[in-house]
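Taken together, the values in this text are just the output of simple stated rules run on the coordinates, not laboratory data. Predicted, not measured: the structure shown is a model, and the values here were computed from it. Here the Cβ is made from the backbone with ideal geometry for all residues, glycine too, and neighbour counts use every protein chain on show.
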Amino acid sequence: MSTYMANKATIERKWYVVDAAGKPLGKTAVIVADLLRGKGKVTYTPHADCGDNVIVINAAKATLSGNKMEQKYYRTHSGWIGGLKETKYRLLMQEKPELAMRVAVRGMMPRNTVTKDSLKRLHIYAGEQHIHEAQKPELVK
């Protein structure tokens, strides 16, 4: 008996919808990251991209515990001296609520080339409407 290894020909991808309204950002990001990697599948292979497509709706309504709305910062650096930019989570949620969810999910993924391809299958929307009704996505509770 040989060990099963997933490859591009044997991977079947499903579509899932995750509603982030009223749920903590980190716990939602863990669920999304596991779906993107395919960790819940019997055919999971760590080195293969065998995950599913994930749609996150209501990203603007994700919550943070405690006083993190004012204390949590997202930092980016241009690479130049003095190029550090900090943005409070509250301001980021007003301007780009999708980015906060994407950064949280990316932080839960491994640092390798499979992650780059997996994140292409992540679709985040600030509101409840999305354009992927034709794929008949399954709601994750």
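Considering only Met109, Gln135, Leu119, whose Cα is most displaced toward the positive end of the charge dipole of the range 42-141, charges sitting on Cβ of Lys, Arg (+1) and Asp, Glu (-1)?
Value computed over the given set: Met109.
As I understand it, the value is the acute angle between the Cα axis of helix 25-37 and the longest principal axis of the Cα atoms of the chain; what does it come to in degrees, rounded to 10?
For 25-37 against the chain, the angle is about 30 degrees.
What's the magnitude of the charge dipole for the chain around its Cα centre, counting Lys and Arg as +1 and Asp and Glu as -1 at the beta-carbon? Answer in Debye, nearest 20. Please list the in-between numbers first.
Values: 24 positive and 13 negative charges, 70 e Å.
Dipole about the Cα centre, nearest 20: 340 debye.
Charges only on Cβ, +1 for Lys and Arg, -1 for Asp and Glu: so what's the dipole of the range 1-79 about the Cα centre, in debye to the nearest 20? Spell out each step's value before the answer.
Working: 12 positive and 6 negative charges, 31 e Å.
Here the size comes out at about 140 debye.
Taking a threshold of 18 Å on the Cα-Cα distance, which of the pairs Lys27/Lys72; Lys27/Lys68; Lys8/Lys41; Lys88/Lys141; Lys88/Lys120; Lys96/Lys141 fall above it? Walk me through the numbers on the way to the answer.
Numbers: Lys27/Lys72 16 Å; Lys27/Lys68 15 Å; Lys8/Lys41 15 Å; Lys88/Lys141 29 Å; Lys88/Lys120 26 Å; Lys96/Lys141 25 Å.
In this structure, Lys88/Lys141; Lys88/Lys120; Lys96/Lys141 lie more than 18 Å apart at Cα.
Of all DSSP beta bridges in the chain, what percent run antiparallel (nearest 5)? All intermediate terms of the calculation are to be shown ahead of the outcome.
On the way: 5 of 17 bridges.
Within the chain, antiparallel bridges account for around 30 percent of the total.
What's the angle, to the nearest 10 degrees (0 to 90), between helix 97-108's Cα axis and the longest principal axis of the chain?
Result, in degrees: 60.
Sort the range 54-129 into rounded, prolate or oblate with this rule: let a ≥ b ≥ c be the square roots of the eigenvalues of the Cα gyration tensor; rounded if a/c is under 1.5, and if a/c is not under 1.5, prolate when a/b is larger than b/c, oblate otherwise.
Details: a/c = 1.91, a/b = 1.07, b/c = 1.78.
Note, shape of the range 54-129 comes out oblate.
Trp80 to Lys120: FRET efficiency via 1/(1 + (r/R0)^6), r the Cβ-Cβ distance, R0 25 Å, to the nearest 0.05? Don't skip to the answer; put the middle values down first.
Values: r = 29 Å, r/R0 = 1.15.
About 0.30, to the nearest 0.05.
Between [x] 2, 9, 20, 23, 22, 16, 7, 2, 0, 0; [y] 2, 9, 18, 20, 18, 14, 9, 6, 3, 1, 0, 0; [z] 2, 8, 13, 16, 15, 14, 11, 8, 6, 4, 2, 1, 0, 0, 0, which entry matches P(r) over Cα pairs in 5 Å bins from 0, in percent as derived from the coordinates of this structure?
[y]
Between Val30 and Arg90, what FRET efficiency comes out of the Förster formula 1/(1 + (r/R0)^6) with R0 = 25 Å and r the beta carbon distance, rounded to 0.05?
Once rounded, the FRET efficiency stands at 0.65.
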